[in-house]
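The values are calculated or read from the model by the stated rules, or taken from the named source; none is laboratory data. Note that the coordinates shown come from a computational prediction; the quantities given were computed from them, not determined experimentally. Counting neighbours? That spans all protein chains shown, and the Cβs are built from the backbone with ideal geometry, glycine included. With ligands, DNA and RNA removed, areas are computed over all heavy atoms of the protein, side chains included. Shrake-Rupley method; radii C 1.70, N 1.55, O 1.52, S 1.80 Å.
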Amino acid sequence: MIRKLRIKLVVAAMLSLLAVLAAILGIAGALNYRTIVRDAEQKLQILADNGGRFPEDMRGKGFREFSPDMPFESRYFIVTTSEDNTVQSVNTGRIASINEEQAEKYAKTVIGSGKTAGFLDTYRYMVYTNADGTKQICFLACHRELESFHNFLIYSILVSIVGSVAVLILLIIASQRIVKPVADSYEKQKRFITDAGHELKTPLTIISADTEVLEMDFGESEWLDDIRSQTERLAELTNNLVFLARMEEQPQMEKVEFSLSEAAEEAAEDFLGVARMQGKTLEASVEPDLRMFGDQKTIRRLMAIFLDNAVKYADENGRIQLTLDKQRSQLRLQIYNTTEHISRESLEHLFDRFYRTDQSRNSQTGGYGLGLSIAAAIVAAHNGKISATTDDENSLRITVTFPV
C-alpha cells in the first residue's frame, strides 16, 4: 500500500509538472511563431504598398517596429502574373539563393493552391492584385527566423526533459520522507490489529471453555447461548482482522499451480444447497482446464466470500451466477447476483473495511463488512484486479482478473 502511495504521489507530481511545461512551451512557441508570421506579413504588406520594394528611408513613416536596416537585411523575390495566371516577369534581384526558374515553380505552386498568403518551404508569400489586373506574388525569406524558432523549440524540449528527469529523481528521494509518517502510522495500525488479535484469542478461548463448563454444571440457558454466540462472533471478527492485516502485508504465500476451474466448480457446488434453501437460483459457467499460479487455499476462500456475499444479499427468488473464463492473457472470474438498488457511491466504497450498503441488515445477514475487504486483499496479493459494477439498477457484478 505504501509503495503504491509513493508511486501515485510521484506520478501525480510528474504529470502536473509535464502538463505545466507543455503549456508553457506551447504558449511560448505559439507566441514566437505568431510574431514571426506577423512581422513577415507586415514586411510583405510594405512591399505590396510600395510597388514591390521597401521605402528608401524607413524612419518617420510609421515603421517604428522595424530597424532602418531592415530593407537591406530582408531577402525576397517577386513574380508577376497576368489575369490568366501566366508568368510575365520574375524579379530575383534581392535574393541570391533563388533563380528565375525556381521562382516560377514557387509561383505556380502558390497559384495551384489557390491561397493568397502562407508559408511555402521557408518563404512567407502574399498575393496581391494590381490596378491593371495583374497579380504579384511576393516571397519573403524567413530562413533565419524559422531556424531560430526551431532551435528554441528543440533546446526548450531538451532542457525540459533534463529538468523533468532531475525533478523525478528528487521526487523519488523526497517521496520516501513525505510518506514516512503515513507508513509509520499504517505499520502501527497493522501491528496493533495483529497483536490485539493474538491477545484476544486467549481470553476468547477461555470464555468459550468456561461457557461449556457452566453449561455442564447448570444446564443450557439463553444467557449461556448468548455468551457462546457473541464469543464466536468476536472470534470470527478477530480472525478476519488478523487475516486481513497479514494479507495486506503481502506475505510470502505458498503459491503453486492448481486448477482454478476445479476450485470454482467446487465452490459453486458448496453453495448450491444454501441458495436452494433460500429459494434462490445459483448457476455456474466455468471454462474447463483453466489453471493459475497462486495460493490455492486463499483463492478458494476468495470464491467462498463472493458466493456467500451473493447468496446473502440476493433478493427474494434472486439469481446468482458464477462465471470463469479466459480473456486473452487474463483469467476472469465474475460473480453476478440480483439485489436491491446499489448507488454509485456505495460501489466506490464496496471494498472498504466495515462498509455495508445497508447498515440495517446487520442483524439479518450477520457479518461485519470485512468479507469484500479480505477478497480485495487476496486479489492484490495475487497481482490481480477487482471491480464492482451494476448491469442495471437491481444487480451487482464483481469482476476479478488474474494475470496468466
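Answer yes or no as to whether G118 is more than 25 Å from F72 (Cβ to Cβ), without any contact (Cβ under 8 Å) to a residue 12 or more places away in the chain, open to solvent by less than 70 Å² (accessible area, probe 1.4 Å) and not in a helix (DSSP H, G or I).
Considered against the rule, which asks whether it is more than 25 Å from F72 (Cβ to Cβ), without any contact (Cβ under 8 Å) to a residue 12 or more places away in the chain, open to solvent by less than 70 Å² (accessible area, probe 1.4 Å) and not in a helix (DSSP H, G or I), G118 comes out as yes.
Answer yes or no: is there a residue in the range 186-208 that is at pLDDT 80 or above, surrounded by 11 or more Cβ atoms within 10 Å (Cβ to Cβ) and of a type in the set (D, E, K, R).
no
Give D49, D39 a once-over and let me know the one that is open to solvent by less than 60 Å² (accessible area, probe 1.4 Å) and either under 22 Å from G118 (Cβ atoms) or among the aromatic types (F, W, Y) (or both).
Answer to the selection: D39.
Check off (1) in a loop (DSSP other than H, G, I, E, B); (2) at pLDDT 90 or above; (3) of a type in the set (F, W, Y) for Y155 and give me the number that stays unchecked.
(1)
With the structure loaded, tell me whether R64 is on the phi < 0 side of the Ramachandran plot, touching a Leu at 6+ places or on another chain (Cβ under 7 Å) and at pLDDT below 85 or whether it fails that test.
So R64 does not fit the description; no.
Are any residues in the range 132-146 in a loop (DSSP other than H, G, I, E, B) and more than 16 Å from I36 (Cα to Cα), and if so, which ones?
Within the range 132-146, D132, G133, T134 meet the criteria.
Which count do you get for residues in the range 125-151 that are aliphatic (A, V, I, L, M) and touching a Ser or Thr at 6+ places or on another chain (Cβ under 6 Å)?
Step one: list which residues in the range 125-151 are aliphatic (A, V, I, L, M), which gives 126-127, 131, 137, 140-141, 146.
From what's left, touching a Ser or Thr at 6+ places or on another chain (Cβ under 6 Å): 127, 146.
Total meeting the criteria: 2.
Which of the strands (runs of 3 or more DSSP E) found entirely inside the range 224-334 contain at least 1 residues meeting this: surrounded by 20 or more Cβ atoms within 10 Å (Cβ to Cβ)?
281-286, 291-294, 319-327
Being among the aliphatic types (A, V, I, L, M), modelled with pLDDT of 85 or more and over 14 Å from F139 (Cβ atoms): is that true of I78 here?
no
Give me the residue from the range 173-185 that is open to solvent by 80 Å² or more (accessible area, probe 1.4 Å) and hydrophobic (A, V, I, L, M, F, W, C) and, out of that set, modelled with the highest pLDDT.
Selected residue: I173.
For residues that are closer than 23 Å to M247 by Cβ and among the hydroxyl-bearing types (S, T, Y), scanning just the range 366-400, find the one that is modelled with the lowest pLDDT. Can you show your working first?
To start, the set of residues in the range 366-400 that are closer than 23 Å to M247 by Cβ comprises 366-388, 396, 398-400.
From what's left, among the hydroxyl-bearing types (S, T, Y): 368, 373, 387, 399.
Numbers: Y368: 62, S373: 84, S387: 91, T399: 93.
Ranking the candidates gives Y368 first.
State all residues of the range 67-110 that are assigned to a loop (DSSP other than H, G, I, E, B), more than 13 Å from V127 (Cβ to Cβ) and either touching a Cys at 6+ places or on another chain (Cβ under 9 Å) or open to solvent by less than 80 Å² (accessible area, probe 1.4 Å) (or both); if no residue qualifies, say none.
S67, P68, S74, S82, T86, I95, S97, I98, N99 - these are the residues of the range 67-110 that are assigned to a loop (DSSP other than H, G, I, E, B), more than 13 Å from V127 (Cβ to Cβ) and either touching a Cys at 6+ places or on another chain (Cβ under 9 Å) or open to solvent by less than 80 Å² (accessible area, probe 1.4 Å) (or both).
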